[in-house]
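These notes are about the structure you will find just below.
The values are calculated or read from the model by the stated rules, or taken from the named source; none is laboratory data. As the structure is a computational prediction, the values presented were derived from the model and not from experiment. Cβ sites come from the backbone with ideal geometry, for glycine too, and all protein chains shown count toward neighbours. Side chains are part of the model used for accessible areas, which takes the heavy atoms of the whole protein and leaves out ligands, DNA and RNA. Shrake-Rupley method; radii C 1.70, N 1.55, O 1.52, S 1.80 Å.
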Amino acid sequence: MLYQSPQHWLEAPHKRVLFFGMSGLGKTHVSNMLRATGQWYHYSIDYRIGTRYMGEYISDNAKREAMKNPFLRDLLMSDSIYIGSNITFNNLSPVSTYLGKPGDAVKGGLPYAEYTRRQAQFREGEIAALYDTAHFADRAADLYGYPHFICDTGGSICEWVDPENPDDPLLQALSAQTLMVWIKGDDAHTEELIRRFDRAPKPMAYQPAFLDAQWQAYLSENGVAPDAVDPDDFIRYTYASALAHRQPRYEAMARNWGVTVTADEIAAATSQKGFDTLIAQAIERAPTIP
């Protein structure tokens, strides 16, 4: 690990952490709290994906819709209007909207082939954004003078790595630059995440093999054609399975590459001092990692 002992962490003049885990358990909340101290640079993976790696896809998709309207088409073709996404740390909906949901076009669904094409674009963008972590960590210190650095990852980070492989290139690169911190939820958190998702289902990125298996199972169990699938029903169907699919992958990432804190512990860490103490405790109770 980047910090070999609690004391090493507490005394480090430059702290670098990477948060991972399911969305909704406090990654962005604690990142915002630390950023507000003025001592921490907040690198959001989802923001980087939306602005650097998928920005053109997102704006082109909006332009494609605008071109269907004669009034907007004329303005766009004459460079009289500008169409782009307004992505912020607290509003990443342009990314999820572009990812979309598969199924019935009347209900806002995408053909499955287009849906998986966008999934692949996101996967490539997320991996690239994760590899950018070292650059932004150095940039935060060299350019802006921030002593500390946060990498705030998306829930799908576990889909693109093999946490049991000590030679996994992405995990090697990330653990060399940051202390990887899993924010772990309990059964009550999982149930609340599912309830929250049921109320407002939103697109997510999935490992291709997992997604294909879910798609085929849904079609078979419901006896529907691909173009008749209710998009929201499918992603609700997939979400609970995704939580179960990701949990052991997160656990292996923490066991082999980092430390674990609970969502309740993160929620209780309301100051930089409290956060520093919590991470020192997590390092103390972690197994020895080369």
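Peptides 257-263, 192-198 ordered by packing proxy, namely the average of other Cβ atoms within 10 Å per residue, highest first: 257-263, 192-198. Debye-formula intensities of region 72-217, expressed as log10 I(q)/I(0) at q = 0.15, 0.20, 0.22 Å⁻¹, are -1.06, -1.43, -1.50 (one equal scatterer per alpha-carbon, no solvent).
Accessible surface of the chain, 1.4 Å probe: 51 percent of it comes from carbon and sulfur atoms.
Compute log10 of I(q)/I(0) for region 132-228 with the Debye formula, placing one identical point scatterer on every Cα and leaving out solvent, at q = 0.13, 0.15, 0.19, 0.21 Å⁻¹, to two decimals. Debye output, listed in q order: -0.74, -0.90, -1.13, -1.20. Relative to the longest principal axis of the Cα atoms of the chain, the long axis of helix 231-257 lies at roughly 20 degrees.
With N counted as the residues of the chain, its alpha-carbon radius of gyration over 2.2 N^0.38 Å works out to 1.07. By a straight-distance test (C-alpha under 20 Å), which aspartates and glutamates pair with residue 15 as possible cross-link partners, with residues fewer than eight away in the same chain excluded? Answer for residue 15, where 20 Å is the Cα cut-off: 132, 138, 142, 152, 265, 276, 284, listed by chain and number.
Subtracting the Cα-Cα distance of residue 281 and residue 143 from 0.36 nm times their residue separation leaves 46.5 nm of extension gain.
Under the rule a/c < 1.5 gives rounded, and otherwise a/b versus b/c splits prolate from oblate, where does region 22-70 land using the Cα gyration tensor?
In terms of gyration-tensor shape, prolate.
Using the structure shown, list the pairs from 107/202; 63/101; 202/273 with a Cα-Cα distance above 24 Å, or answer none.
Violating the 24 Å Cα-Cα cut-off are 202/273.
Helix-only arithmetic for the chain: the sum of -39500 (n - 2.57) across DSSP H runs with n ≥ 4, divided by the residue total, places the mean residue ellipticity at 222 nm at -17000 deg cm²/dmol.
Evaluating 6.51 cos²θ - 1.76 cosθ + 1.60 at θ = phi - 60° for every residue in region 101-109, the Karplus couplings come out as 9, x, x, 4, 5, 4, 9, x, x Hz, glycine and proline recorded as x.
Each label point was placed 7 Å from the Cα along the Cα-to-Cβ direction; for residue 202 and residue 76 their separation is 2.5 nm.
The HN-Hα couplings worked out from phi for region 182-187 by the Karplus form 6.51 cos²θ - 1.76 cosθ + 1.60 (θ = phi - 60°) are 8, 8, 9, x, 9, 4 Hz, whole numbers, x standing for Gly and Pro.
Taking square-rooted eigenvalues a ≥ b ≥ c of the alpha carbon gyration tensor, is region 59-134 rounded, prolate or oblate, where a/c under 1.5 means rounded and, failing that, a/b exceeding b/c means prolate?
Numbers: a/c = 2.33, a/b = 1.32, b/c = 1.76.
Oblate.
Taking the Cα atoms of region 1-124, the ratio Rg/Rh between the radius of gyration and the Kirkwood radius comes to 1.12. Spherically averaged projected area of the convex hull of Cα atoms, region 198-290: 8.5 nm².
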